[in-house]
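Asks: Quick one: this structure, given as structure tokens, is what I'll be asking you about.
The values are calculated or read from the model by the stated rules, or taken from the named source; none is laboratory data. Keep in mind the model is a prediction, meaning the values are calculated, not measured. We place every Cβ from the backbone using ideal geometry, glycine too, and count neighbours over all the protein chains shown.
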Amino acid sequence: MNCTSASACTSCTTSLNRANTTTCACSANYYETGSACAICNYKCINCTSNATNCTSCSDANRSSPPTCGCNATFYDDGTNAACKACVYPCLNCTSASVCTSCATSPNRASTTTCVCSAHYYETGSACAICNYKCGNCTTNATNCTTCSDTNRSPTPTCGCNATFYDDGTNATCKACVYPCLNCTSASVCTSCNAPLNRANNTDCTCSAHYYETGSACAICNYKCGNCTSNATNCTTCSDTNRSSPPTCGCNATFYDDGTNATCKACVYPCLNCTSASVCTSCATSPNRASTTTCVCSAHYYETGSACAICDYKCGNCSSLSTTCTTCSGVYRSTPTCVCDDHYFKRLDCFVKFVIINVETVLWMLLDVQLVPILIDLYLLVVVMQPIIMMEQILFVKLVYIHA
């Protein structure tokens, strides 16, 4: 405003924001408009001609004048002279929330946010992979925010749901295999599907004497100790007297009663049999009537070890050869079968005496006072001998002297 020379002022036209009254130059961070000192842009410490034409920058993290933009890894917030550092995971950015490049680029979703891609989490220096159980995770690999499979339980653990198991590798839970209801692996059950008649909850195999139908444990046939596929396909037999699997029929000299596991021994005189009363072969075969009953033939009796012949007097006998149940011919009586009175005891009772009662005749003679009389009585004896087929007349002279 006043001066002592062209360059030496004594007062300034507008004193605001001027350094002194000698030069009347604008103070730092101001520039001369031609009529006043105007403030420089916040980026500038000093500027000239206009507010953004910096001659020096307001922050060491700004690049060279005249623009004085922020250096890499810093951003300009549009207000403050100092550039602000980009926040990890941004490497470069245009604001606190908008990256232009990422600090570590692998496994990041975009360069705008630099967040980790799905199934990765931020460690603070990189994106690390989440545990296979997680869809996404945070802080650490096993702290799931979402699960990798619909058959996994809620976050953050994401274990497999009931009836599924975790194989320790795959994101997808695997279904427990029947007969497991719940399991920890393909071969280790923790509970069984259709648990009745199963040996344990570890493998859920059927108990002894039961077999797997595919939906339950069913009982094996009585012949089987154990069986497979069906009730009669034995893998072991229920009795030592049964033959080899799979049929497990009874061994020779035993029979199957159709109900019991234990084979029953055939009863003497059967050697082999189909039941307690029906033989198929005899213990001792000579002199037996048939192989069905194994009873002794006619004229033989059971000793307990064989069929022995009865005494000649017996038609049939029991217990002993002389204990007759029927006799070998007429004129004999059980159980001794000796000849009846008036019959000769020969091989058979074939000699018969027809006797006129002598005593009766003699008394008749006495009644007619024939004393003494020498009585010659001839008794006719008919000798029956079928073997030689002939008749003989035997005369017996009886003498009775009456005293």
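Asks: Need at least 1 residues that are among the aliphatic types (A, V, I, L, M) per element, so show me which strands (runs of 3 or more DSSP E) inside the range 127-167 make the cut, counting only ones lying wholly within it.
Replies: Working: elements: 127-129, 134-137, 144-147.
In the range 127-167, 127-129 are the strands (runs of 3 or more DSSP E) which contain 1 or more residues that are among the aliphatic types (A, V, I, L, M).
Asks: Okay, next question. Among the residues of the range 260-271, is any β-branched (Val, Ile, Thr), without any contact (Cβ under 8 Å) to a residue 12 or more places away in the chain and either touching a His at 6+ places or on another chain (Cβ under 9 Å) or assigned to a loop (DSSP other than H, G, I, E, B) (or both)? Don't jump to the end; show me each part of the working.
Replies: Filtering the range 260-271 for residues β-branched (Val, Ile, Thr) gives 262, 267.
Among the residues that remain, those that are also without any contact (Cβ under 8 Å) to a residue 12 or more places away in the chain are: 267.
Next cut, either touching a His at 6+ places or on another chain (Cβ under 9 Å) or assigned to a loop (DSSP other than H, G, I, E, B) (or both) only: 267.
Checked the range 260-271: at least one residue is β-branched (Val, Ile, Thr), without any contact (Cβ under 8 Å) to a residue 12 or more places away in the chain and either touching a His at 6+ places or on another chain (Cβ under 9 Å) or assigned to a loop (DSSP other than H, G, I, E, B) (or both).
Asks: Here is a further query. Could you list, in sequence order, the residues of the range 59-71 that are modelled with pLDDT under 95 and either aliphatic (A, V, I, L, M) or more than 30 Å from PRO106 (Cα to Cα) (or both)? Full working, then the answer.
Replies: Residues of the range 59-71 that are modelled with pLDDT under 95, as a first pass: 63-64.
Once the filter is applied, which keeps residues that are modelled with pLDDT under 95 and either aliphatic (A, V, I, L, M) or more than 30 Å from PRO106 (Cα to Cα) (or both), the range 59-71 yields only SER64.
Asks: Name the single residue, out of those in the range 276-296 being among the small types (Gly, Ala, Ser) and surrounded by 14 or more Cβ atoms within 10 Å (Cβ to Cβ), that is farthest from the chain's Cα centre (by Cα).
Replies: Residues of the range 276-296 that are among the small types (Gly, Ala, Ser), as a first pass: 276-277, 281, 283, 285, 289-290.
This time we only want the ones that are surrounded by 14 or more Cβ atoms within 10 Å (Cβ to Cβ), so: 281, 283, 289.
Working: SER281: 44, ALA283: 46, ALA289: 54 Å.
Top of the filtered list is ALA289.
Asks: Quick one: in the range 244-267, which of the residues that are of a type in the set (Gly, Ala, Ser) and touching a Lys or Arg at 6+ places or on another chain (Cβ under 9 Å) is surrounded by the fewest Cβ atoms within 10 Å (Cβ to Cβ)?
Replies: From the range 244-267, those of a type in the set (Gly, Ala, Ser) are 244, 249, 252, 258, 261, 265; that's our starting set.
Narrowing further to those that are touching a Lys or Arg at 6+ places or on another chain (Cβ under 9 Å): 249, 261.
Numbers: GLY249: 13, ALA261: 17.
Only one residue fits best here, namely GLY249.
Asks: Go through the range 9-61 and give me each residue that's of a type in the set (A, V, I, L, M, F, W, C) and surrounded by fewer than 19 Cβ atoms within 10 Å (Cβ to Cβ).
Replies: In the first step, residues of the range 9-61 are kept if they are of a type in the set (A, V, I, L, M, F, W, C); the result is 9, 12, 16, 19, 24-26, 28, 36-40, 44-45, 47, 51, 54, 57, 60.
If the condition is that a residue be of a type in the set (A, V, I, L, M, F, W, C) and surrounded by fewer than 19 Cβ atoms within 10 Å (Cβ to Cβ), then LEU16, ALA19, ALA25, ALA28, ALA36, ALA38, ILE39, ILE45, ALA51, ALA60 are the ones that fit.
Asks: Could you list all residues from the range 1-31 that are outside any loop (DSSP other than H, G, I, E, B) and either modelled with pLDDT under 90 or over 28 Å from ASP77 (Cβ atoms) (or both)? Give the steps one after another, and end with the answer.
Replies: Residues of the range 1-31 that are outside any loop (DSSP other than H, G, I, E, B), as a first pass: 2-3, 9-11, 18, 26, 30-31.
Residues satisfying the conditions are ASN2, CYS3, CYS9, THR10, SER11, ARG18.
Residue-wise test of (1) in contact with a strand residue (DSSP E or B) (Cβ under 9 Å, 6 or more places away or on another chain); (2) buried (at least 17 other Cβ atoms within 10 Å of the Cβ); (3) of a type outside the set (Phe, Trp, Tyr).
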| residue | (1), (2), (3) |
| --- | --- |
| ARG108 | yes, yes, yes |
| ALA118 | yes, no, yes |
| GLU122 | yes, yes, yes |
| CYS180 | yes, yes, yes |
| SER185 | yes, no, yes |
| ALA199 | yes, no, yes |
| CYS204 | yes, yes, yes |
| GLY214 | no, no, yes |
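Asks: Of all residues in the range 310-335, count the ones that are touching a strand residue (DSSP E or B) at 6+ places or on another chain (Cβ under 6 Å), closer than 16 Å to ASN287 by Cα and either part of a loop (DSSP other than H, G, I, E, B) or in contact (Cβ under 8 Å) with a residue 60 or more places away in the chain (or both).
Replies: The total comes to 2.
Asks: Let me ask you something else. Go through the range 206-252 residue by residue and tally those that are β-branched (Val, Ile, Thr) and touching a residue at least 24 places away in the same chain (Cβ under 8 Å). So that I can check it myself, show each step before the final result.
Replies: As a first pass, look at the range 206-252 and keep what is β-branched (Val, Ile, Thr): 213, 219, 228, 232, 235-236, 240, 247.
Then drop every residue that is not touching a residue at least 24 places away in the same chain (Cβ under 8 Å), which leaves 247.
Of the residues in that region, 1 qualify.
Asks: Out of all the residues in the range 101-154, which are farther than 23 Å from VAL87 by Cα and either acidic (Asp, Glu) or touching a residue at least 40 places away in the same chain (Cβ under 8 Å) (or both)?
Replies: ASP149
Asks: For the range 183-259, give me every one of the strands (runs of 3 or more DSSP E) that falls completely inside it and has 1 or more residues that are among the hydrophobic types (A, V, I, L, M, F, W, C) and under 30 Å from LEU271 (Cα atoms). Spell out the reasoning first.
Replies: Values: elements: 189-192, 210-212, 217-219, 224-227, 234-237.
Passing ranges, in order: 224-227, 234-237.
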